[in-house]
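**Q** I am attaching a structure below and will ask some questions about it afterwards.
The values are calculated or read from the model by the stated rules, or taken from the named source; none is laboratory data. Everything numeric in this text was worked out from a predicted model, so none of it was measured. Heads up, the Cβs are rebuilt from the backbone with ideal geometry, glycines too, and the neighbour counts pull from every protein chain shown.
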Amino acid sequence: MPARLEALESVVRGFLSSELEIPEGELTVDAPLVSSGRVDSAGLVQLAALLEDEADVVIPDADVNADHFDSIALILDYVAGRIGSR
């Protein structure tokens, strides 16, 4: 994994733990976030805003959903694709 994505993973984990109060022990890369109810729609919007700031990408509103944000692995894959499409 590129260093930029490793740093982003750390930021995402920190946000999920501190802001959304998900215990760090539950934050495996494949743990379901949206489909499990751990992250709601407001949390998704906050997470998307964080990713836009940290990764310097634009995330269309239509992409802010469980298809792209249901796990840390999906989030990092999605952002990597957005970075690559610039």
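**Q** Is it the case that some residue within region 73-84 is without any contact (Cβ under 8 Å) to a residue 60 or more places away in the chain, more than 20 Å from Ala7 (Cβ to Cβ) and surrounded by 17 or more Cβ atoms within 10 Å (Cβ to Cβ)?
**A** Checked region 73-84: no residue is without any contact (Cβ under 8 Å) to a residue 60 or more places away in the chain, more than 20 Å from Ala7 (Cβ to Cβ) and surrounded by 17 or more Cβ atoms within 10 Å (Cβ to Cβ).
**Q** Continuing with the same structure: What about Ala42, is it aliphatic (A, V, I, L, M) and either touching a Cys at 6+ places or on another chain (Cβ under 9 Å) or loosely packed, with under 15 Cβ neighbours inside 10 Å (or both)?
**A** yes
**Q** Still on this structure: For region 17-42, which positions are within 12 Å of the chain's Cα centre (by Cα) and closer than 15 Å to His68 by Cβ?
**A** Val29, Asp30, Pro32, Leu33, Val34, Val39
**Q** Can you pull out every residue in region 25-54 that is of a type in the set (D, E, K, R), in a loop (DSSP other than H, G, I, E, B) and out of contact with any helix residue (DSSP H, G or I) (no Cβ under 6 Å at 6 or more places or on another chain)? It would help to see each step written out before you state the result.
**A** If we filter region 25-54 for residues that are of a type in the set (D, E, K, R), which is where we start, we get 26, 30, 38, 40, 52-54.
Keeping just the survivors that are in a loop (DSSP other than H, G, I, E, B) gives 30, 38, 40.
Hits for region 25-54 are Arg38, Asp40.
**Q** OK, next. Look at region 41-86 and say how many of its residues are more than 21 Å from Ser17 (Cβ to Cβ), modelled with pLDDT of 95 or more and polar (S, T, N, Q).
**A** Qualifying residue count for the region: 1.
**Q** Follow-up question, since we're still on this one. Go through region 55-73 and give me each residue that's within 16 Å of Gly43 (Cα to Cα) and assigned to a helix (DSSP H, G or I).
**A** Asp61, Ala62, Asp63, Ala66, Asp67, His68, Phe69, Ile72
**Q** Which pairs have Cβ atoms under 6 Å, sit 6 or more apart or on different chains, and link a residue in region 9-24 that is free of Cβ contacts under 8 Å to residues at least 40 places away in the same chain and in a helix (DSSP H, G or I) to one that is among the small types (Gly, Ala, Ser) and surrounded by 13 or more Cβ atoms within 10 Å (Cβ to Cβ)?
**A** That search, which allows pairs on different chains as well, returns Glu24/Ser17.
**Q** Now for a different question. Pick out the one residue from Glu21, Glu6 that is surrounded by fewer than 18 Cβ atoms within 10 Å (Cβ to Cβ) and modelled with pLDDT of 95 or more. Write out each step before concluding.
**A** Details: Glu6 fails: modelled with pLDDT of 95 or more.
Matching residue, one of Glu21, Glu6: Glu21.
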